[in-house]
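**Student:** Just passing along the structure, written as C-alpha cells.
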Amino acid sequence: MDVDDSGEVGCIDPELLQLNEVSPLALKSNLHVAENLFEQWLSLPETNLLVKSLINNAKAGVPLNVSGSTNSPKATSGNAIPSMFPAGSAPPLSPRSSSGSPRISKQRPGPSVLASPLRLVNEPAKELIPQFYFQNGRPPPNELKERCLFRCNQFFYGHTEGLQLLEFKPVTKEICKLPSFFSTALFKSIDIYDTGVVTREAFVDYWVHNNMMTKDTATQIFTILKQPELRYLTHEDFKPILRELLATHPGLEFLQSTPEFQERYAETVIYRIFYYMNRAGNGRLTLRELKRGNLIAAMMHADEEEDINKVLRYFSYEHFYVIYCKFWELDTDHDFLIDKENLIRYGNHALTYRIVDRIFSQVPRKFTSKVEGKMGYEDFVYFILSEEDKPSEPSLEYWFKCIDLDGNGVLTKNEMQFFYEEQLHRMECMAQEPVLFEDILCQIVDMVGPKDEGYFTLRDLKGSKLSGSVFNILFNLNKFMAYESRDPFLIRQERENPTLTEWDRFAHREYIRLSMEEDAEDASNGSADVWDESLEAPF
C-alpha cells in the first residue's frame, strides 16, 4: 500500500464519516461500503502518521504495539489509532466478511514476520491417561507372556502335530491354573473344528493372544463354559465338567458302575449351584453372579481334595445322597413326582397344610414339572435346601414369598397369625401347652428387631441371625419345639463348628441315619458288606 505524504490527505473532516449503525447483513451484501469506509479511514492525517510510524518501526525491528487495534469497547484512550466516531458514541458493528474489514483477517499459524510480541500461547501439555478398559481383556505384560510361552514350549515339545485330550490335561492344570476337570471344556473351546488335537499355535492364540491369561479365574471359567452367542450360563453348560469330574475324581470312582446315580449326582450339583448362585432365579447364571458366589473356590477345593465329601459346597456326595434318598422316601409310587400328600409327610409331618398349599401354589418358585399339582426332583431340591438351610438368603426369600399372602413385600401381623393358627391347633391336639400368638409376636419382634414393629420386611429378616427360627415358629412344629427346648448338645456343636451351616449339620445327621439303616438292612439279609469307610462323614 502506498501512502501519500502530502497534506492534502487531511482535508476530509472526520465528522463527515459518521454513519448510522449498519447491520452486519447489510454490510455483507454491500462489500463496497466497508471498503469505502476503510479507504476513508486511511485518508485521515492521524492514520497516515500511524501507518508511517508502524512501517518505520517494522523496518527497524522494533516490536509492534498493536494493542490499540482492538475493537473492544473498553479500549483505553491511549490508543494510537484515531477514532472516526465522536467520543461516547458506540461504533457500528464491524463487517463480518473476510474480504471487508482487515480486523477479521484469519489468524495464520506460526510467528509473525513483523516479530510481533503477540505469540501463540502454547497449550498446556495434556496428561496422558493410561488405557484402563480393554474389550478383550488387558494384554499380558511381556514378562508374564514370555514365561507362559516358555511353559508352552515345554509341554508341546515333541508334539509338532499337537496334543490329544489326555495329553492336554497338564496344560489345563499347570499353565491355565484351572481345575483339571475343565480339560475337556477348554480343549473343545480351542479345537473348534473337532480335529482331535490342539496345536501349540492354537493354544497360544486362544490363551495368550486373546488375553485369556490376564483375566480373573471367574471370567476364564465363564468364557470357557458359556455358549458363544450367549452372555450367561445354563444348566447344560455345567454338564461337561461334571461328566469329567465323575470320570476322574477318586472320590467318585465307585459311581462308575451306576450311570443313573452319576446322572442324578450331576443334576443335584447343578441344582444346588443355581439355588445359591442364580439369585434372579431365571436359570441364567451371569458373570456377576458367578463372581459374587463361592463356586470357584469350591471347584478348586474339589480338584485338590481326594475325599469329595469334604467339599461341603455343592460337590459332596453325602449331601447328594441325603437329598436323593429324602425324595425317594416321599415318592412312594416312584414316578419321580411328588404331590401334596407326599410332601406333607416330610420330616415326620413337620409342616402345616397351609404352608404346603402355598408351596404347591408355586408362589415361592414356579415348578419345572410339567404335571399339574406335582413337583419334580429339581423343585424338591429347592424345597429341601430352603427348609433345612433357613438362615441362607435364598431360603429367606423362598419362605418370605410364602408368608406374604398379598404379595406387597411386607409381612403383617394378620399374615403371620394365619399360618400360626394351624401350629396352635396342632399343639393343642398333641396336648402341648399352647403359646398364644400375641406372645409369639412379641418374641418374633425381639428376635428380628424390625425397623417398624408394625410389619416385617425382607431386609429386616436378612439382618437377623434368628430369622430362620421365625419361619419354624410359623409352620414347622418339630423345629419350633426343638427351638423352645434349646438342646444344649446342639448349641455346643454350633459353637464348636461355626463355619458349618444348618444344611451341613442336617445332611451329616441324615447321612448317618441312612447309612445305619442300610447297615441294619444288610445285616438282616445276612450280608457281610458294610458301608464303605471312605464315605463316612468328614466331621
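The values are calculated or read from the model by the stated rules, or taken from the named source; none is laboratory data. Because the structure is a prediction, the values reported are computed rather than measured. All Cβ positions, even for glycine, are placed from backbone atoms using ideal geometry, and neighbour counts span all protein chains on display. Surface areas here come from the heavy atoms of the whole protein model, side chains and all, with no ligands, DNA or RNA. Shrake-Rupley method; radii C 1.70, N 1.55, O 1.52, S 1.80 Å.
**Student:** So which lysines can residue 52 reach, going by Cα to Cα under 29 Å and dropping same-chain residues fewer than 8 places off?
**Tutor:** 74, 106
**Student:** May I pose another question? Hey, any idea what % of segment 225-316's accessible area is carbon plus sulfur with a 1.4 Å probe?
**Tutor:** About 48 percent, which is the carbon plus sulfur part of the accessible surface.
**Student:** Okay, next question. Using a 1.4 Å probe over the heavy atoms of the protein chains, calculate the carbon and sulfur portion of the accessible area of segment 138-214 as a whole percent.
**Tutor:** Ligands and nucleic acids excluded, carbon and sulfur reach 52 percent.
**Student:** Hey, can you find the accessible area per residue of segment 138-214 for me, probe 1.4 Å, expressed in square angstrom?
**Tutor:** 57 Å²
**Student:** With a 1.4 Å probe and all protein chains kept in place, how do 354, 426, 459 rank by accessible area, largest first?
**Tutor:** 459, 354, 426
**Student:** Could you sort 284-297, 511-524, 168-181 so that the peptide with the highest average Cβ count within 10 Å comes first and the rest follow in order?
**Tutor:** Peptide ranking by packing, descending: 168-181, 284-297, 511-524.
**Student:** If you don't mind, another one. Test of understanding: extend the Cα→C-beta vector of residue 201 to 7 Å, then name every residue of segment 145-176 with backbone N under 15 Å from that spot.
**Tutor:** So the set is 159-163.
**Student:** Something else: What ranking do 218-225, 154-161, 276-283 get when scored by the average of other Cβ atoms within 10 Å per residue, highest first?
**Tutor:** By packing density, highest mean first, the sequence is 218-225, 276-283, 154-161.
**Student:** Determine, for each peptide in 378-390, 258-270, 33-45, the mean count of other beta carbons within 10 angstrom over its residues, then list the peptides with the highest first.
**Tutor:** Top of the packing list down: 378-390, 258-270, 33-45.
**Student:** Could you please state how large a percent of the accessible area of segment 368-445 is carbon and sulfur, counting protein chains only and using a 1.4 Å probe?
**Tutor:** So the carbon and sulfur contribution to the accessible surface is 53 percent.
**Student:** Then there is this: Shape call for segment 344-398 from the C-alpha gyration tensor, a ≥ b ≥ c root eigenvalues: rounded (a/c under 1.5), prolate (a/b greater than b/c) or oblate?
**Tutor:** oblate
**Student:** Treat each spin label as a single point 7 Å out from the Cα along the C-beta direction, and report the residue 59 to residue 406 distance in nm.
**Tutor:** 10.1 nm
**Student:** Let me ask something else. Using 31 Å as the Cα-Cα cut-off, could you pick out the over-long pairs in 145/226; 188/390; 370/413; 188/215?
**Tutor:** Result: 188/390; 370/413 exceed 31 Å.
**Student:** For every other residue with a beta carbon closer than 11 angstrom to the beta carbon of residue 239, add +1 if it is Lys or Arg and -1 if Asp or Glu, then tell me the sum.
**Tutor:** Around residue 239, the surrounding residues sum to -4.
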